[in-house]
Amino acid sequence: MTEPLPQLSQVLGDLAVRTCPVCGAATARAKLFLKRSIDPARLTGLSFASRKLPEYMNHRLVTCPDCDTVFAAEAPSPAMLASVYRDAGYDSAEEAAQAARTYRRIITPALKRLTRRSTALEIGTGTGVFLQTLGDAGFATLVGIEPSRAAIDAAPAAIRPSILEGIFNPTDFAAGSLSLICCFQTLEHVPNPHALTQAAFNLLAPGGLLAFVTHNRSALLNRLLGRRSPIIDVEHLQLFNPDSITYLLHGAGFADVNVSSFRNTYALRYWLRLAPLPLKSQIINAANATGLGAQKISLNVGNILTTAFKPITPP
């Protein structure tokens, strides 16, 4: 789906001023990180899709003086975002499967510390391909939440009944009923990451695990690329680094917070899609024609895994 969606013409006119979505600091105190750069004519149904071709567009981004989170000073309403994500296109099944294998590998050490494996929840599950691996890891019940209808339609038939269409709503679950909550490459997109993290703490059983995968905006590659980094995106309402993500989880009450970088493994053609290259289409076509496009390559491109546990004994 590359044609403009009807509501995209409204998404830029439905902006509200935000405070810091991690600590609540006033926007007026924040320092400019990047000026607003959005061309409405370039917004399409894939503008709010996962693993899309980079567009290098962004809302006005500022840096919080208290927790070091970079966030959009003005952003669309939650209702508008829910609408555009619902109707967003989907064209990244291959990359989703490759990402799921990476996520399973990097989360395994934290999973070994879980004493019970009842219900696992993945927020922003996409096609549910990672959710399937959690079944293999011994979780009794699997639940995924995904706003994109196209992504759910592309989900394997076996996992599709476990996916709830829509936006994460904590009232859908009982307090203390979950063993694991995952949110991979989704936290940058949600209107209120503080509320999501606090809700996750309340929903997890004591000893339960929370796992986030986010971009690290302080990583060397992202600093070198600047505005040409793929993390600069109209979808991203906030950008984290190890300090700000740790602040977020400690503020919600989590303990044993651990932040680590890792290597992603994708086909060369996907890495070429992300790179700020001239003649990109021709380069990708040439790589595919020679068979090099399918070659798997592992790179550390500035993504981080953050894991944390709900204390068994209240502090």
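The values are calculated or read from the model by the stated rules, or taken from the named source; none is laboratory data. Predicted model only: the values in this text are computed from it and were never measured. Virtual Cβ from ideal backbone geometry, glycine too; neighbours counted across all protein chains shown. The area values use the complete protein model at the heavy-atom level, side chains included, leaving out ligands, DNA and RNA. Shrake-Rupley method; radii C 1.70, N 1.55, O 1.52, S 1.80 Å.
Rounded to the nearest 500, the 222 nm mean residue ellipticity of the chain from helices alone is -8000 deg cm²/dmol, with -39,500 (n - 2.57) taken per DSSP H run of at least 4 residues.
Once you list every other residue whose beta carbon is under 11 Å from the beta carbon of GLU74, what net charge do they have if Lys and Arg are +1 and Asp and Glu are -1? Can you show the working numbers first?
Numbers: positive: ARG18, ARG36, ARG60; negative: ASP14.
Local charge sum for GLU74: +2.
Other residues lying with their Cβ under 9 Å from the Cβ of LEU34 contribute a combined charge of +4, Lys and Arg counting +1, Asp and Glu -1. Using the 1.4 Å probe convention, the accessible area of the chain works out to 43 Å² per residue with neighbouring protein chains retained. Both numbers refer to the Cα atoms of region 156-315; Rg and Dmax are 18.5, 59 Å.
Once the chain from ASP172 to ASN285 is taken as fully extended at 0.36 nm per residue, the excess over their C-alpha distance is 36.1 nm.
For region 267-315, the carbon plus sulfur part of the accessible surface works out to 66%, probe radius 1.4 Å. Of the accessible area of region 187-249, with the probe set at 1.4 angstrom, what percent is carbon plus sulfur? On region 187-249, the fraction of accessible area on carbon and sulfur atoms equals 60 percent. Divided by 2.2 N^0.38 Å, where N counts the residues, the Cα radius of gyration of the chain comes to 0.96.
Result for the chain in a Gaussian network model with C-alpha springs under 10 Å: among ALA75, ALA99, ALA286, the largest mean-square fluctuation is at ALA286.
Once neighbouring chains are kept in place and the probe is 1.4 Å, which whole percent of the accessible area of region 12-54 is contributed by carbon and sulfur?
Values: 1290 of 2300 Å².
Roughly 56 percent of what the probe reaches on region 12-54 is carbon or sulfur.
Please compute the net charge surrounding PHE309, taking Lys and Arg as +1 and Asp and Glu as -1 over other residues with Cβ under 9 Å from its Cβ. Before the final figure, lay out each step's value.
Numbers: positive: ARG113, LYS310; negative: ASP256.
Counting the neighbours of PHE309, the net charge comes to +1.
By the Cβ-Cβ criterion of under 4.7 Å, the unpaired cysteines of the chain are CYS182, CYS183. Relative to one another, the C-alpha centroids of region 165-207 and region 68-134 are positioned 11 Å apart. Within region 255-287, the trypsin sites (Lys or Arg not before Pro) that combine a DSSP coil assignment with at most 14 other C-beta atoms in a 10 angstrom radius are ARG263. Here region 34-178 was treated as a single set of alpha-carbon atoms; its pair distances binned every 5 Å from 0 give 2, 8, 15, 17, 17, 16, 13, 8, 3, 1, 0 percent. Comparing PRO161, PHE254, ALA294 along the charge dipole axis of region 138-297, the residue lying farthest to the positive side is ALA294, per the Cβ-charge model. The mean sequence distance of close C-alpha pairs (under 8 Å, at least 6 residues apart), as a share of the length of the chain, puts its relative contact order at 18 percent.
In angstrom, the C-alpha Rg and Dmax of region 158-248 are 15.2, 44. Secondary structure note: in the chain, about 60% of the DSSP beta bridges are antiparallel.
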